[in-house]
Every structure is written in C-alpha cells, then in structure tokens.
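In what follows, a structure is listed as structure tokens, so that the remarks can point back to it.
Nothing in this text is a laboratory measurement; each read-out follows from the coordinates by a stated rule. Keep in mind the model is a prediction, meaning the values are calculated, not measured. Reconstructed Cβ throughout: ideal geometry from the backbone, glycine too, with neighbour counts over all protein chains shown.
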Amino acid sequence: MKIYKAYAKVNTFLKITGLRGDYHEIISRFMRVDDLYDELSFEKKDTPDFKIIGSFSCTTEQNTIYKAYNELLEYTKSESLDKLMQTYAVKVDKNIPAFAGLGGGSSDAATYLKMCNEVLHLNLSIKELAEIGLKVGADVPFFIYGYDSANVSGIGEIVEPFDEPLLKFDVYTPNIEISTPKVYKSYRDNFFNPINSTELHKLKNATSIEVLESYSPEEANDLFNPALKEYPKLKKHQKDEYYFSGSGSSFFRVI
Ligand SMILES: C[C@](O)(CO)[C@H](O)COP(=O)(O)OP(=O)(O)OC[C@H]1O[C@@H](n2ccc(N)nc2=O)[C@H](O)[C@@H]1O
Ligand SMILES: Nc1ncnc2c1ncn2[C@@H]1O[C@H](COP(=O)(O)OP(=O)(O)OP(=O)(O)O)[C@@H](O)[C@H]1O
C-alpha cells in the first residue's frame with residue numbers, strides 16, 4: 001500500500017493577536033520541515049476494531065488519527081469509510097517526537113484525512129477537509145493545505161500561503177513533555193500582550209529569515225517566555241541562534 005508522509009512543522013514566529021473564548025488568536029508563520037516526517041499507510045488486518053499500529057504515548061481513543069476518523073465519519077456518514085477501517089489498520093512509522101511543538105499529532109490527523117479522501121474517492125474539497133481537521137486540532141488545517149510556508153491566523157483555521165524559499169532546519173527536542181494548554185494559559189495569565197495591527201502587518205509580509213534576523217527567540221514566539229516559566233528546565237537547553245517552535249519543547253536553527 002502507498003506510504004504517505006506526514007511532515008513536521010516549525011513556527012518561525014508566533015504572536016498572539018487576541019482572545020476567542022478559551023482560545024488565543026494568533027499570527028504565525030508555519031514552515032514544513034522537509035526531512036522530518038511520520039510515514040502512514042493502510043495495512044490489512046483480520047479484526048474489525050479500529051486499529052493504529054505504531055509507537056504512541058496515548059491510547060487509540062486519544063490518538064488524533066482516531067479523532068480524525070470519528071470527525072470524518074460524522075461529516076460523511078460514509079459506509080465505505082467504516083468498511084475501510086474494519087478491513088485496514090493505520091500503520092504509523094513515528095519519527096516526529098510528541099509534545100515537541102512540531103505538530104506531530106496534527107500532521108498525522110491531516111494525512112489520515114487526505115488518505116481516506118483519496119482511497120475512498122470521497123471528493124471532499126481541501127476546504128472541507130480543513131474544516132473537519134480543525135475539530136481535531138488547531139494545527140491540522142495547515143497540514144491539510146500542505147503549503148511549504150504559510151501565515152496561519154485565527155486560532156489556526158486561516159491558512160494563507162507565503163512565498164519564500166523552504167528553509168533547512170536543525171531541530172533539537174529536549175526530553176521535556178510540554179502541555180500546550182498549560183503554556184497558553186500561562187501566557188494569558190502572566191504575559192498577555194497582543195501585538196498591534198502595525199506589527200502584525202509587518203510580520204505577515206516579512207520573510208522568516210528577516211524575522212529571525214531581527215527578533216530574539218523571546219520576541220519571535222510569544223509562547224517561549226510562558227514555556228520557560230512553566231518548564232524552567234528548558235532554559236539550560238537554549239542555545240545561540242536557536243528559536244522556539246510552537247509551545248515547545250523543540251528548538252530550531254536555520255542551517
Ligand atoms: C502551539 C501551536 O501548536 C502552534 O502551532 C498551536 O497553536 C496549538 O495547536 P494544537 O496543539 O493543535 O492545539 P489544540 O490541540 O487544538 O489545542 C490544545 C489547547 O491549546 C490551547 N490553544 C490552542 C490553539 C490556540 N490557537 N489557542 C489556544 O489557546 C487551548 O487551551 C487548547 O485546548
Ligand atoms: N498521532 C499522534 N502522534 C503524536 N502524538 C499524539 C498522536 N495522537 C495523540 N497524540 C497525543 O498528543 C499529545 C502530543 O501531540 P503532538 O505530538 O501533536 O504535540 P506537539 O508536537 O506539541 O504538537 P503541537 O506543535 O501541535 O504542539 C500527546 O499527548 C500524544 O500522546
């Protein structure tokens with residue numbers, strides 16, 4: 001069966017622009033990491049229950065792939081989807097570390113949705129897949145669109161391609177499990193300072209290199225200081241020229 005690549009992402013910058021209920025509105029540049037990806041495929045099985053083959057720190061029910069399946073079934077009421085998942089397991093060769101700020105779970109969910117759309121000829125549009133994916137996680141829409149680089153805003157549902165060369169990164173993930181909700185809550189409680197429209201406009205039109213050359217790691221990612229506050233051990237892992245991705249724990253440097 002065909003193997004599908006679920007790429008990682010880094011946030012070359014991430015700024016909070018406001019609040020939307022329990023969520024934060026952001027403007028962030030997502031960039032695909034070309035040499036870091038999970039590999040997904042369908043593999044025949046002989047038991048009818050939903051099955052994911054791979055090394056995860058969560059149960060099947062907690063897996064973003066299973067959540068994507070449920071959302072897709074809810075949206076399509078497709079009997080062929082049910083039959084597919086009774087006949088095939090989802091095999092995942094996991095390479096993206098979890099709790100890493102690299103979008104691993106979100107990328108797997110997005111890739112699974114695209115696999116089902118292709119194999120079952122569901123003919124769902126990219127927009128429909130992104131709407132379904134958003135119900136699984138805020139980072140999923142970026143991976144559905146599949147751009148190399150994009151300005152992501154809203155809570156993650158607005159994905160606008162950005163024309164800049166795909167950069168190569170050295171990614172370093174300290175073994176610190178970081179809770180995204182906890183980091184966002186710490187930002188809201190201790191660091192809340194949404195950017196103004198002038199800075200937002202400047203960032204949206206700057207290349208990632210221009211931003212990284214003119215912003216410190218703390219300035220480029222509003223979640224870095226909250227992450228340092230909630231997970232002080234991160235500090236000793238910070239190295240010159242490395243920036244912080246998403247809610248962490250990963251650092252990246254352009255090479
Ligand atoms: C940090 C980033 O990964 C940057 O790419 C994303 O903003 C978070 O994406 P994600 O991990 O897919 O987030 P989700 O799993 O959808 O949400 C986890 C939790 O993070 C917080 N959250 C997430 C996204 C967002 N724009 N604002 C938030 O406040 C919420 O408490 C939410 O319950
Ligand atoms: N397919 C999956 N791959 C990795 N983690 C998953 C998956 N499904 C569920 N999880 C769970 O989600 C949590 C971490 O997810 P993920 O790896 O997407 O976080 P992340 O790398 O920090 O992503 P983000 O950049 O969105 O913060 C862990 O609790 C992990 O067990």
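Quick notes on this one:
- In this rough spin-label picture, where each label sits 7 Å from Cα along the Cβ direction, the Asn95-Glu74 distance is 3.2 nm.
- For the chain, the share of DSSP beta bridges that are antiparallel, to the nearest 5, is 90%.
- Taking other residues whose beta carbon is less than 13 angstrom from the beta carbon of Val183, and scoring Lys, Arg as +1 and Asp, Glu as -1, yields 0.
- Listed by chain and number, the aspartates and glutamates whose alpha-carbon sits under 19 Å from that of Lys202, ignoring those within fewer than 8 places in the same chain, are Glu25, Glu160, Asp163, Glu164, Glu210, Glu213, Glu218, Glu219, Asp222.
- Gain upon complete extension [Ser179, Ile53; 0.36 nm per residue less C-alpha separation]: 42.9 nm
- The Cβ shell under 11 Å around Leu124 holds other residues with a net charge of -1, Lys and Arg each +1, Asp and Glu each -1.
- Among the listed pairs Lys182/Lys233; Lys51/Lys135; Lys44/Lys77; Lys114/Lys168; Lys94/Lys235; Lys15/Lys185, those beyond 18 Å (Cα-Cα): Lys51/Lys135; Lys44/Lys77; Lys114/Lys168; Lys94/Lys235
- Stretch in the chain that is longest and holds no trypsin sites (Lys or Arg not before Pro) that DSSP places in a loop and that have at most 13 other beta carbons within 10 Å: 78-167
- Theoretical FRET efficiency, 1/(1+(r/R0)^6), r = Cβ-Cβ of Asp148 and Asp46, R0 30 Å, to 0.05: 0.15
- Label-point gap, in nm, between Lys236 and Asp34 - each point 7 angstrom along Cα→Cβ: 3.6 nm
- A full extension of the chain between Ser216 and Asp189 corresponds to an added length of 7.5 nm, given 0.36 nm per residue minus the alpha carbon distance.
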